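The values are calculated or read from the model by the stated rules, or taken from the named source; none is laboratory data. Everything numeric here is computed off the predicted structure, so don't read it as measured data. Virtual Cβ from ideal backbone geometry, glycine too; neighbours counted across all protein chains shown. SASA here: full protein model, heavy atoms, side chains in, ligands and nucleic acids out. Shrake-Rupley method; radii C 1.70, N 1.55, O 1.52, S 1.80 Å.
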Amino acid sequence: MRPDLSNEIELSPAFHDLDPMDIVWHGNYVKYLELARCALLAKFGYDYPQMRDSGYAWPIVDMRLKYVKTTEFGQRIRIRAEIVEWENRLKIEYLISDALTGNKINKAYTIQVAVDMTSREMQYLCPDVLWRKLGVESA
């Protein structure tokens, strides 16, 4: 049975996240994804300090965001992050929704690759440490 590779966080955008039209500036959604991604990876004991300590950097090489609705100051939002690929790359899908209504606000994904910190070479297969941390069987 595959483990649950998802996690959710909730937050309310800060005043400084707003643009001149009093809605959350589009670039701040990247920050919200980062918060959700760190919480998800921490759930498995493989957040960025543990990644570094295992000898790998995990840069983001691709990201896509689709904006559906706006977010306002004080609005409670839920960010769900789920690991959907982990063999050759780490792909995480996100859904940002209104915490009260469940209405979709933003849909996104990020793709990260493992880079050996000593050689600085990209790995074409995710290292075994990721598989162990996620509790999935390696290929």
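If you go through segment 72-107 and pick out every residue that is within 20 Å of Leu18 (Cα to Cα) and in contact (Cβ under 8 Å) with a residue 60 or more places away in the chain, you end up with 10.
In segment 8-22, the qualifying residues are those that are touching a residue at least 24 places away in the same chain (Cβ under 8 Å) and open to solvent by 40 Å² or more (accessible area, probe 1.4 Å), and the one that is nearest to Asp47 (Cα to Cα) is Glu8.
Residue-by-condition table, conditions (1) β-branched (Val, Ile, Thr); (2) open to solvent by 30 Å² or more (accessible area, probe 1.4 Å); (3) over 25 Å from Met122 (Cα atoms):
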{"site": "Met1", "(1), (2), (3)": "no, yes, yes"}
{"site": "Ser6", "(1), (2), (3)": "no, no, yes"}
{"site": "Tyr32", "(1), (2), (3)": "no, no, yes"}
{"site": "Glu72", "(1), (2), (3)": "no, yes, yes"}
{"site": "Leu90", "(1), (2), (3)": "no, no, no"}
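Residues considered: Val61, Val113. Of these, the only one that is exposed (fewer than 15 other Cβ atoms within 10 Å of the Cβ), of a type in the set (Val, Ile, Thr) and at pLDDT 95 or above is Val61. Residues in segment 34-53 that are open to solvent by 40 Å² or more (accessible area, probe 1.4 Å) and more than 21 Å from Arg80 (Cβ to Cβ): 4 in all. Here is a check on your reading of the model: is Asp98 open to solvent by less than 70 Å² (accessible area, probe 1.4 Å), modelled with pLDDT of 95 or more, among the acidic types (Asp, Glu) and farther than 24 Å from Gln123 by Cα? Criteria met by Asp98. Would you confirm whether any residue within segment 120-134 is open to solvent by 70 Å² or more (accessible area, probe 1.4 Å), in contact (Cβ under 8 Å) with a residue 24 or more places away in the chain and over 27 Å from Met1 (Cα atoms)? Scanning segment 120-134, I find no residue that is open to solvent by 70 Å² or more (accessible area, probe 1.4 Å), in contact (Cβ under 8 Å) with a residue 24 or more places away in the chain and over 27 Å from Met1 (Cα atoms), so the answer is no.
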